[in-house]
Structure formats: C-alpha cells, structure tokens
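Read the structure below first, then the notes.
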C-alpha cells in the first residue's frame with residue numbers, strides 16, 4: 001500500500017490547506033507581527049512536504065526530468081532585485097529606496113515597499129526549500145554509480 | 001461546488017486569525033483564499049453536500065460534550081495508574097469490529113478512541129480496528145467491543161453517515 | 001556573567017567534537033552546535049533589563065525596547081547556516097554512494 | 001531571568017555532549033534537534049520572537065534532511081580503539097580548549113553586566129526606524145531597509161546553494 | 001481568576017504525564033500516558049488563555065490553536081505507535097494478549 | 001500574579017528537562033522519539049504562559065507554528081521507523 005494509514009491520509013487532507021493559508025498569513029503580516037518572508041515560505045513548503053509524506057510521491061504527477069520549482073525561484077529572485085533597483089529608475093541614486101507612501105503605523109497597508117519584498121522573498125524561499133527536499137529525497141534513485 | 005466550499009472555509013479561517021474587519025483585510029484574505037482553493041481543492045474530501053445539512057451540527061455539539069467528559073475520565077484513570085505504588089497495568093492488543101463504512105467516520109472514531117481511557121489505535125485493516133489497551137478488563141470480544149466503541153459509534157453514525 | 005561563560009562552554013563542546021570525531025555526519029552536527037552558541041551570544045548581548053520585544057504598539061509609544069540590530073544580523077546568519085547544511089549533506093550523501101562509508105579516514109585511505 | 005537562561009543552557013550542554021558521544025547516528029541527530037529546540041526557548045525568554053520563529057522552521061527542516069541522509073546507511077558507527085593519531089587529536093583539542101577558555105575568561109571580564117545593553121548603536125535605529133520605514137516590526141524594518149544589501153546577499157546565497165545541490169546530485173557517476 | 005485555575009490544572013496534568021514518562025516500564029505504555037495527559041494539559045492552558053483575553057485577536061488565535069493541537073498530537077501518536085510495532089519492539093513482560101501479530105503476516 | 005506565573009514557567013522548564021532525561025537514558029530508538037514529541041507539545045504551554053505574562057498576542061503565532069512543524073517532524077520520524085523510504 002502506498003503511503004501511510006487511512007487515518008493519517010484523511011487528517012492530512014483536512015489540515016494541509018490550513019497550513020498553506022497560515023504560511024500566507026505569516027508572510028503578509030510580516031511588518032506587524034514576528035515572521036516575514038523566510039518563516040512563512042518554509043511553512044508554505046511544509047504543506048507540500050506533509051502531502052508527500054502522507055500520500056507518497058506519485059499522486060502529484062511529478063516528472064523526473066524537471067519539477068519546475070527552480071523556475072519560480074529564479075523569477076522571484078529577479079523580481080526582488082528589480083524592486084530594489086526601481087529607485088534608480090526614478091532618477092535618484094539610491095539602491096533600496098523606499099518610495100511608496102508610508103501609510104499609518106500599525107495598519108495592514110503601510111510601510112511602503114516592505115510587504116512586496118516580503119511576498120517575493122517568501123515565494124523564493126518556498127520554492128528553494130521544496131527543491132532541496134525533492135532533490136535529496138525523491139530523485140535520489142537517479143544517481144547511478 | 002467543492003471550490004466554493006473550500007473558499008468559504010479558508011475565508012472563515014483567515015478572519016479568525018486576523019480578527020479585524022476592514023476593507024484591505026477582506027481583499028487580501030479573498031486573494032489568499034482563492035489561491036488556496038485553486039491549489040488544494042484536489043486533495044480535499046469528496047462529498048461536501050453534507051456540510052449543508054443543519055441537523056448534523058446539532059448532533060456534533062452533543063457529541064462534543066460526551067467526548068469532553070470521556071476525556072477527563074481518561075486522564076484521571078491514567079493518573080491513578082501512574083501514581084499508584086504497585087502500578088496496576090495489564091497491557092495487550094485487542095481486535096474490535098466496527099460497523100461504520102466511510103473513511104472519514106472511521107478516522108473520527110479512531111481519533112476519539114485515542115483520547116479515551118487507556119486506548120490507542122494502532123491500525124485499521126478491513127473492518128477491524130487494532131487497539132492497544134493499558135488494562136485489559138475482559139477476555140470476551142462482545143464485552144470489550146461495547147466498552148471501547150459503544151459511547152461514540154451511534155453519534156458518529158448520525159454526524160457523518 | 002555566568003551566562004556568557006556557559007555560552008562559551010557550549011562553543012568549546014562543539015569544537016571538541018569537530019576535532020576528535022571521525023564520522024562525517026557527526027562533523028556536521030558539531031558545526032551546527034558551534035553555530036547555535038554564536039547565535040545565543042549575539043542575542044545575549046542585545047538584551048536590556050526590563051525591555052520589551054521590538055514591535056511598536058501605536059497606542060503607547062514610550063517604552064524601552066530590546067536592541068533590534070543583533071537580531072537582524074542573526075536572522076541573516078541562520079538562513080546562511082541552513083544553506084550550508086544542505087550543501088554539506090549533498091556532498092556527504094554523494095561520498096556515501098561512492099565509497100560506502102561515513103568514516104573519514106577510510107575514505108582517505110581508499111584513494112581512487 | 002538570568003537563572004532560567006542558565007538552566008536551559010546547562011541542558012543544552014548536556015544534550016550536545018550526548019550528541020557527540022552517541023554510538024548510534026539517529027540518536028545523535030535527535031539530540032542535535034533537541035539542542036536547537038532549547039535555543040528557541042532561550043530566544044523566547046530573551047524577547048526575540050522573530051529569531052524564535054525562524055529557528056523553529058530551520059531546525060525542523062534540518063532534522064528532515066539529516067534523517068533523509070541517515071535513512072539509507074547502515075546507521076551504526078564502528079567502534080575502534082583510538083590509535084596514535086586519535087590520541088594526538090584528543091591531546092591537541094584539550095590543550096586548545098584550555099587556552100581558549102583562558103582567553104574567554106579574560107574577555108568576559110571586560111564586558112558589561114548582563115542586561116545593561118552593551119551595544120551603543122541601539123538608539124539611532126530605534127529612533128529612526130518608525131519614521132523612516134513606517135513598519136511596526138523593527139526587525140523587519142532593519143532587515144529590508146537599513147541593511148538591504150545583507151538580505152539581497154542572503155537570497156543569492158540560497159539560490160547558489162540550491163544550484164550546487166542540484167549539480168552535485170544530478171551528475172551520473174562513471175564506473 | 002478563573003483563567004488561573006485552568007492554567008494551574010493544565011500544569012498539574014503535565015506533571016502527571018511526565019511522571020508517567022519516567023515510571024512506566026515499556027515504550028507503548030509511556031506513549032499512552034504521555035500523549036493523553038500532556039495533550040489535555042496544553043489544551044487546558046490554551047483554554048485558560050482564551051478566558052483571560054476574552055474574545056479579541058489573542059483569544060481567537062488561542063481558540064484556533066486548540067483543534068490543531070488536538071488533531072496533530074493524536075495522529076502523531078498513532079503514527080508513532082504503529083512505527084514502533086513495525087520496528088520490532090516487543091510488548092512488555094506483563095502483557096496478556098496480542099491480536100495484531102497474526103494480522104500483519 | 002506575575003510571580004505566580006513565574007513559578008509556573010519554572011515548573012514547565014523543569015518538566016522539559018525530564019524529556020531530555022528520557023532522550024539520553026532511553027534504551028531504544030522509539031523512546032527517544034517519544035521524548036522529542038512530548039517536548040514539542042510542552043513548549044506550546046510555555047508560549048501560552050509567556051503571552052499571558054506580557055499581554056501580547058503575537059507570541060501565540062509562534063505557538064501555532066510550533067504545533068504544525070512538530071507534527072511534520074514526528075511524521076518523518078514515524079515513517080523512518082516503519083521501514084519505508086520517505087517517498088513511498
């Protein structure tokens with residue numbers, strides 16, 4: 001039988017979506033509560049790790065050639081560097097310029113560009129952790145001596 | 001239909017976590033719930049129409065009180081066995097037949113058994129549950145089946161099936 | 001003052017394991033322990049008596065805060081530690097596939 | 001507060017000693033995990049919640065990766081009596097530890113007492129952070145605004161590590 | 001004041017669970033005592049937190065944490081005890097009955 | 001009231017040292033896994049007590065994250081015990 005017992009499978013089906021949503025909450029509220037891009041990204045990757053542990057790796061239809069996670073990772077890193085360089089486009093000479101309006105302290109929409117940095121760093125970290133997990137655990141049989 | 005159900009559940013969870021109703025919070029929560037329902041609906045349970053029938057919630061609340069009472073009895077029982085100087089334990093693994101059919105009901109039954117007096121579910125094979133018991137009270141299958149699953153099975157049948 | 005000395009002792013325990021052990025996985029564990037003691041030392045230096053966590057509450061702004069600069073530095077260092085550990089584990093599993101052992105001196109004597 | 005942190009640090013030292021001396025590799029990995037979890041309690045008591053949540057996730061991912069490595073090995077460390085080289089390394093490490101401990105003791109006496117805020121850079125960061133960044137969490141403000149270059153370097157290091165892992169694991173070995 | 005009573009009750013349950021970890025003879029019984037007592041103790045502490053804060057953001061977070069803790073710890077205990085049996089640990093000397101041995105052959 | 005919560009905090013830290021004792025002493029591998037599982041549940045109580053002591057709500061976020069990640073870690077260890085690869 002693939003995977004673990006019926007109890008673990010059913011509970012995982014109920015909980016995995018909740019874990020993913022909690023990771024998004026940690027990322028989006030990174031400038032109000034502890035957490036931020038890194039911790040939320042790893043929790044988002046944790047929901048997929050939970051599904052792979054409970055069901056086995058066949059149910060997600062992963063192909064062995066390319067899983068596509070590295071693409072998201074590189075794209076997110078490029079977006080972070082572009083956001084950092086966007087101060088140069090406005091004519092100033094400052095890297096990492098925070099040119100958005102600040103908003104009021106303590107509200108959800110505030111702190112200028114910091115939530116955008118948080119979101120893209122979160123996407124990058126989630127895809128890179130998932131790539132390391134897949135490479136070390138699943139595609140290990142590909143190595144032939 | 002399943003997509004709408006997952007969306008509504010996700011939005012309720014988001015609002016419980018943040019606990020403030022403003023316009024930016026609702027917009028961000030809706031976007032997050034749409035992403036969550038687009039990714040995770042494939043892995044959710046199949047039959048969601050049962051969530052719309054209100055009498056199941058009535059039985060669920062009664063079941064909750066029964067369950068909390070059993071749970072407190074479980075802890076006092078274990079505390080007695082731990083603190084007694086002679087440690088009156090008599091462990092063993094017994095086999096119990098269940099009449100529930102669906103997988104979700106069996107999962108809820110197994111989780112309930114895990115929290116009640118001195119029992120932990122080890123495995124489910126076919127119709128039989130294998131249970132580790134800290135003090136085997138009798139050798140007769142009929143008696144211990146009624147002792148272990150008797151309190152929960154009728155409520156779970158009314159809640160889920 | 002005793003806390004700083006205990007933190008240094010944790011560092012020395014990691015150093016002892018790094019020098020004397022011959023197993024590759026244990027070398028990785030010893031390096032993790034040395035990283036932990038460094039993080040703990042930075043967090044200890046930044047603590048202020050009676051301070052609260054560095055998150056501003058707009059309702060009552062006048063408070064004493066713990067120093068946020070060492071926490072930001074340690075936050076970067078933890079992530080780099082994770083990257084180092086993943087890289088080290090990839091090299092170790094590759095060596096195990098090649099030689100069939102974790103012992104560093106047998107690997108050195110096989111040669112080829 | 002100082003007493004609680006001392007107790008947890010002593011527990012971490014005992015766990016670390018067991019992790020180094022355990023014969024079984026899986027036990028060593030579990031003991032390393034509990035040392036990391038003890039560090040999280042220290043961070044919670046030292047009022048650093050950001051560090052606590054990041055250390056939790058990093059520790060769990062490290063545990064999963066190490067279990068995945070130990071999983072397909074023989075898991076037993078072969079015991080052999082230390083020969084000449086082993087004795088030399090033990091004597092070297094003990095000498096090094098004594099010398100380093102002496103210098104540490106000298107340097108500790110120059111530090112301020114615990115909890116007096118030894119770093120004097122705190123005031124400008126705390127004063128300027130809420131006005132310049134508008135972020136309620138000061139650590140996020142420092143990480144992404146004042147010290148943005150560090151964060152960009154960290155993201156680059158992570159990408160490089162992923163590419164290195166893929167490159168090492170994907171090469172077909174030749175006979 | 002009611003919240004302090006709930007928190008103290010939770011700590012007492014945790015204490016009983018940890019005594020069970022030390023005293024009981026084999027792995028299965030230790031897992032039983034520890035999981036039940038410590039899970040109910042932590043649920044009781046979280047319920048005390050809900051009573052202390054009332055119904056605002058902190059209370060709602062504690063209320064969300066209770067079912068996640070409950071399902072997580074019970075399913076983890078189930079997976080751990082099944083793995084222990086398959087790993088080859090024998091039942092203790094006092095045990096009287098073993099029906100699972102024929103089922104997995 | 002603050003002193004009373006301090007006493008409860010010290011008791012909880014002392015209980016977590018019992019788990020460390022079981023990890024060092026435990027004769028077999030599953031005993032050590034039981035120790036690290038119970039340790040993960042106990043610290044949620046520490047987070048709750050600290051959140052009452054400091055009257056802040058964000059400490060409970062750390063508690064929820066701890067529950068989720070402890071669940072993932074314990075499932076990994078249990079899957080190791082039952083003799084399967086991690087992807088089956």
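Most fluctuating residue of B:83, B:16, B:104 in a GNM of chain B with Cα springs under 10 Å: which is it? Most flexible of the set in this elastic network: B:16.
Over the protein assembly as shown, DSSP H runs of length four or greater, each weighted -39,500 (n - 2.57), average out per residue to a 222 nm ellipticity of -23500 deg cm²/dmol.
Between residue B:39 and residue E:97, the simple label model (points 7 Å from Cα in the Cβ direction) yields a spacing of 4.6 nm. For the residues of C:99-106, the average number of beta carbons from a partner chain within 10 Å of their own beta carbon is 3. Would you mind getting me the FRET efficiency between residue C:80 and residue F:4? Use the beta-carbon distance for r and R0 = 51 Å, nearest 0.05. Computed FRET efficiency for residue C:80 and residue F:4 comes out at 0.75. Let a ≥ b ≥ c be the square roots of the eigenvalues of the Cα gyration tensor of chain B; is it rounded (a/c under 1.5), or, if not, prolate (a/b larger than b/c) or oblate? Judged from the Cα gyration tensor, chain B comes out prolate (a/c at least 1.5, a/b above b/c).
Of the residues D:38, D:148, D:84, the one that moves most in a GNM of chain D with alpha-carbon contacts below 10 Å is D:84.
The residues F:57, A:128, when put in order of fewest to most other Cβ atoms within 10 Å, stand as F:57, A:128.
The angle between the Cα long axis of helix D:25-45 and the longest principal axis of the Cα atoms of chain D comes to about 10 degrees, rounded to the nearest 10. Working from Cα positions, state the angle (0 to 90°, nearest 10) between the long axis of helix B:2-18 and the longest principal axis of chain B. Result, in degrees: 90. A Förster radius of 51 Å, combined with the Cβ-Cβ distance separating residue E:22 from residue D:113, puts the computed FRET efficiency at roughly 0.85.
Exposure proxy shown here: for A:5, D:167, E:39, the number of other Cβ atoms within 10 Å sets the order, fewest to most, as D:167, A:5, E:39. Judged by the ratio a/c of the largest to the smallest principal axis of the C-alpha gyration tensor, the range D:1-70 counts as oblate, that ratio being 1.5 or greater while a/b is no larger than b/c. Please say if the range F:1-78 is rounded, prolate or oblate, where rounded means a/c under 1.5 for a ≥ b ≥ c the square roots of the C-alpha gyration tensor eigenvalues, and otherwise the choice is prolate for a/b larger than b/c and oblate otherwise? Note, shape of the range F:1-78 comes out oblate. Distance from the Cα centroid of the range E:7-30 to that of the range F:1-70 is 14 Å (rounded to whole angstrom).
Between residue B:84 and residue B:52, the modelled label-to-label distance comes to 5.3 nm, taking each label 7 Å out from Cα in the direction of the beta carbon.
When each of D:147, F:32, B:2 is scored by the number of other beta-carbon atoms lying within 10 Å, the sequence from fewest to most is B:2, D:147, F:32. Taking only Cα atoms, what is the 0 to 90° angle, nearest 10, from helix E:2-23's long axis to the longest principal axis of chain E? Around 20 degrees separate the two axes. In this label model, residue C:98 and residue F:28 are separated by 3.9 nm, measuring between points 7 Å along each Cα→Cβ vector. Applying 1/(1 + (r/R0)^6) with r as the Cβ-Cβ distance of residue E:9 and residue B:20 and R0 = 41 angstrom yields a FRET efficiency of 0.80. The mean sequence distance of close C-alpha pairs (under 8 Å, at least 6 residues apart), as a share of the length of the range C:2-110, puts its relative contact order at 26 percent.
Its relative contact order, with pairs defined as Cα atoms under 8 Å and 6+ residues apart, puts chain F at 23 percent. Per residue of peptide E:42-48, the mean number of Cβ atoms on other chains within 10 Å of the residue Cβ is 5. In the range D:1-79, Cα pairs under 8 Å separated by at least six residues give a relative contact order of 33 percent.
None of the figures in this text is laboratory data; all of them are computed from the coordinates on show. Remember, it's a predicted structure, so these values are computed and weren't measured experimentally. In this analysis, Cβ positions are derived from the backbone assuming ideal geometry, glycine residues included, and neighbour counts consider all displayed protein chains.
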